[in-house]
Each structure stands twice: as structure tokens, then as C-alpha cells.
1. Compute the Cα gyration tensor for the range 61-249, then decide on rounded, prolate or oblate, letting a ≥ b ≥ c be the square roots of its eigenvalues: rounded whenever a/c is under 1.5, prolate when a/b is larger than b/c in the other cases, and oblate in all that remain.
2. Using a 1.4 angstrom probe on the protein heavy atoms only, could you order Thr435, Thr243 from most to least accessible area?
3. Could the peptides 197-210, 443-456 be put in order, highest first, of the mean number of other beta-carbon atoms found within 10 Å of their residues?
4. If you restrict to DSSP beta bridges whose two residues both lie in the chain, what percentage is antiparallel, to the nearest 5?
5. Roughly how much of Arg425 is accessible, in Å² to the nearest 10, using a 1.4 Å probe?
6. I need the P(r) histogram for the chain: all alpha carbon pairs, bin width 20 Å from 0 out to the longest distance, whole percents.
7. Hey, which of these cross-link pairs are over 27 Å Cα-Cα: Lys407/Lys537; Lys219/Lys537; Lys548/Lys579; Lys407/Lys548; Lys148/Lys219?
8. Mind jotting down the distance between the C-alpha centroids of the range 164-225 and the range 51-121, whole Å?
Amino acid sequence: MEPASAAPGAGRAAGVPLRTAIFGAFVALAVVLPQLPVPDFWITQANYIGLYALVAMGLVLLTGVAGLTSFGQAAFVGIGSYATAYLSTSLGLSPWLNLFVGLALTCLSALVLGWITLRMSGHYLPLATIAWCLALNYTMANMEWLGKFDGILGVPPITLGALDFTEGRNIFYLIWGAALAAAVALVNLLDSRAGRAIRALNGGVVMAEAMGVSTFRYKVQVFVIAALLAAVSGWLFAHFQRTVNPSPYGIKWGIEYLIMAVIGGVGSVWGAFAGAAVVKLIEDQLQVLLPSLIGTAGNFEIVVFGIALVLVLKYAPQGLWPYVSGWVPAPRRARDWAEAPLLAERARPAPGEALLEVDMVRKQFGGLVAVNDVSFAIRAGEICGLIGPNGAGKSTTFNLVTGVLAKSGGTVRFRGEDITALRSREIARRGLSRTFQHVRMMPGMTVLENVALGGHQRGRSGAIRAMLRLDRAEERRLFREAERQLARIGMAGQVHELAGNLALGRQRLMEIARALCTDPVLLLLDEPAAGLRHLEKQALADVLRQLKAEGVSLLLVEHDMDFVMNLTDRIVVMEFGTKLMEGTPVEVQASPAVRAAYLGTEH
Ligand code: ADP
Ligand code: MG
């Protein structure tokens, strides 16, 4: 359950007190469980579930939310375990110190692994994590000083003052305290500026980058966070078991952690607990059941889990969490941002200042010249149209100007600066924003969150501040800005809806609000009026005129000729990748060449 994605509804509000009570009772049970006269076996089971959940929730973030798959989490668990086992037995260091050493080692290896693989396309990370897990496990099993296959025995307990965490059921509190704290931190993270950027990774990097998000940076961050959670689990595991050996850190466990995350529900932090519990309990049963059914010759659990994984992915791709989530209160964000101070805006250029200079820009896709040495310029305070038949190269021109596609030739200057070689997020930072012809958004996020993503570069708070909830003041400012832009575009009534539930025309408007949230001085709109009804188009035209009055310049691609002719100051016409002509709406309408272009291809 993503925290802020729950749209408040009347039916939901009525159920919250009951759910809160049930959830509270669940937490209370977890607190008193060790005090109750339950068999030790149960407590041990609960400890394992907590340990597994720590790893699985890291995978929820990495795989479920960010869309990056790792089979190698068991290796990070191993680093946490072996670091503390070795240091506390061989050097007699305190487990608490060892925790930090383990986390540092984990952070370092995750950074190196992430740095190498996360720039590359999708499959390198899973493959690299498999290789990493195998290699590390091999190392553990073959190093004399790590005890080879026997591992390290006699790991001391964790103590804190007079408190001994292996005494009685104390370690239960340590494990579950860590697991619950981590879950709360992750829920907080997902409901933040950094969290929106992380959630946007799954929607492909193009949109996120165009909104100013450094996708690589956030990929590395989630990879490191997931690895650190695994290392904490490993640290606890070593002191819980009082011994380490290579087997729990092999690739089999790497896969099993992934299964937990998937079964629990890859998009939900709390689902990690459900997944960990289900896998642990089923595995115990299988260990008894399978040998009696098919003998002890092989390791059949993994086969059963593999089949279970396929079935879950096919029949319950959201995992178990949606079935459980009804019992947990959905966090609702109170509208607390109405009074937040407005974000600073960048200085607007003086009217008439040269804003965008596109010079001989070219794009070839193999043999096809999609944009053929096109030049045009936009001055501050203008609304400029870009028209032409389908396939003329308009969207490609947008992509070249905004850095979404690499140019085959030509230069682009923005406010006097050469931006030809800049990445799209660097161009966005300079005040050039855009919408996409094919809407790019996060359907599972609310309209407000989608738009707030546009404000990414106007905030600063990172993951740690978000986890600790220190980012609320800035969040309120971002949300106020997002709501303001939505109100301006006529969507004030839909801020809490899920973006995926909007009609297509509304999604386009939402993209305009998102682009406005970046505080642009030049806005490129690719077919903004497509899918809108007549009155909505008129309202949109009014908004665009108002933007112009406020000093925002516009370049828009649009097929509705009435819309374009009534709104624009100047029009560039393209055909087959080349610029056919440029002029005022009256000149363009009178041009025989333009008529021929449209008549020849469209009618
Ligand atoms: P418009 O927006 O004017 O309708 P586009 O810019 O989308 O046109 O496309 C221009 C031409 O480039 C079309 O022939 C299209 O098929 C081609 N094209 C666009 N993107 C790609 C791509 N990624 N790979 C290959 N060809 C492309
Ligand atoms: Mg297009």
C-alpha cells in the first residue's frame, strides 16, 4: 500500500477507526507476545519472520517500487553476518561497532555493484547480483579465516548495558523493533519528494528525467538502502543464531527473499511481513512434507517455491497485501499545505528576449531523416505553433530540443546558453519544460503527487530527511504549488484521484500542470488539446493566454487548426522532417504549399 496513493473517500473514512483498532491490536500483540506463555518455538518463528521481512522490504522498495530486480540480497545479509561474527570472535569487538563496519562494507559493495550496473539496461543488474551472490558465497565457503563450510562458531550475544539480547526473548524486541522501524522509515520515504522520484523510476526514465530527476542517483540510492536493510538483518541473524556458516547466504536464499517480496505484494512495504511469514511457515511444512513424499534426494523446496511464484505472478500479481490491506488503516494526508509559503519562482525573461534558438537540428533514425536541418527561434512572450501532417517530425523536434533524444546534428541555444549536449534534466533545470504526446505519468500515484513530481528540482530534501519526517515543511510547499497549478488548469476537484483513473484529456491537462510545476519560462506542449471537449479546449486556450501574460512562452504542437490559429502569434510548418514555412497564422492559412501538404497527406 503506497501511503499517499489512497484517495480519501466517504466509505473509507467510516472504516478507519475499526482498522486503526485492529492494527493497534496487532502491534500490541507483537509487543506483548514474548511476555505471554507461548512456546519458545513461536517466538523463534516470529524472529525469523522479522529477519526475513527486513530483507524482503528492501526488495519491495528495489523491485516492487523502483522496478529493479536483485537476486543477490542474501549476499548482503552475509556481509552483515560475517562482519560481526568475524570481528566479535577474532578481534573481540563490540557487536554494535561491528554493525557499523558491516553496514559500511555493504554500502561500499552496493555502491560499486550499483555504479557499474545501474547505468546499463534492465538485465545487467539481476545478472550482476546473481554473480555477486555466487562469488561472495564461494568466498565464504573457501576462506580459512572465515571457517570455510563450518563457518564461525561462538558468536557472542548483543548486549546493551545490563541488557542481554539473547536472554529470554529479548532479541525478539530487537528484531521486531528494527523491522518495524525500517518499515515506517520506508513508508515515510515513499511518501516524499525522494519517494516520488523513486516511484517514477518504474515508469521509465524518460519522464522522470524530463522532470529533473536524476534517475541514476535514485537507482543507486534504493539499491544501497535495500542492501543496508539486508545487512542489518544479517547482523541480527548472526547474534540470534550465535553462529554463521555460508549456506543461508547463497543464491537459493537470494531467490527466496525475492519470492517473499513478490508473495507479499511487490509494491507494499507491509506486504513484506506477510510474504516473509508465508514463506517461512510454508517452508517449515515443506521440509517435513516433501521428504516423506518424494524422498530426501534433492532440494525440492525451491521447486515448489518456483511454482508458487509463477502462480502468484499469474493469479495475484499484486501479492497477498491487497487482501490484508483492508485491515490496516490507510494513511490519509490531511490537506495541511494551504498556508505553506509559496516556492520561489525564477526571474522571467524580458519580452522579446531571444529564448530558444534552434539551428539546423537534425535527427536520423537509420535511413530515415525524421528531422532534417530544421531552424527556428522563439522570443520571450510568444506563443508559437508547430504544425504539420502526422509523421512530419514535430514530436521528434520536441525530443531534440528538450534533450530526450540525442541530436544527429545542429545546435540548440536557450537564453543564450548552448544546451545542445545537455541532458533533459539539466535542460529542465534551466526552465524549459514539456508535456508528452503519449501521456507519461504514474497511474498509481494521485494527480497531486504526479504534479508534485514536476516540482522535484524546487525541493532539496533527500531520502534520510524523508525517512525521519524532517521534510514536511518543504513537502507542504511542494504540494501547495502542485495544487495551485492544478487549480489553474481547472483540476482542483481531482487532486486526490489516482492519475490512472482520469480520462485521457484530463491526463494531458495534468501533464501541463506538472510541467508548470517545474517553474518554466518556456513550455513545449505536444498536442495538449487532443481528447478534450470543446469547452475544455476553450478553457485550456484561456489558461495558455494567461501563461503568456505571466511571461511564460509556449511552443505547441496541435492538430486542431481553430485552436492553433486563434492562439498562436507565429507558426512553423513542418513536412517530411523539413521546415516548410514559417509565418503568422494568416500567412500560413493563405499558403498554397501548406494546403498542399495537408491535402496531399491527410485527406
Ligand atoms: P509527428 O510528431 O510530427 O507526428 P514524429 O516526430 O513522431 O512525427 O515522427 C517523425 C518520423 O520519425 C516518423 O516517420 C516516425 O515514424 C519516425 N520516428 C519517430 N521516432 C522514431 C524512433 N524512435 N525510431 C524510428 N523512427 C522514429
Ligand atoms: Mg507527434
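The values are calculated or read from the model by the stated rules, or taken from the named source; none is laboratory data. Quick caveat, the model's predicted, so the values are computed rather than measured. Here the Cβ is made from the backbone with ideal geometry for all residues, glycine too, and neighbour counts use every protein chain on show. The accessibility values were calculated without ligands, DNA or RNA, using every heavy atom of the protein model including side chains. Shrake-Rupley method; radii C 1.70, N 1.55, O 1.52, S 1.80 Å.
1. It comes out oblate by the Cα gyration axes.
2. Order by accessible area, largest first: Thr243, Thr435.
3. By packing density, highest mean first, the sequence is 443-456, 197-210.
4. 60
5. Here the accessible area works out near 40 Å².
6. Using 20 Å bins, I get a P(r) of 18, 44, 27, 10, 1 for the chain.
7. Pairs exceeding 27 Å: Lys407/Lys537; Lys219/Lys537; Lys407/Lys548; Lys148/Lys219.
8. 14
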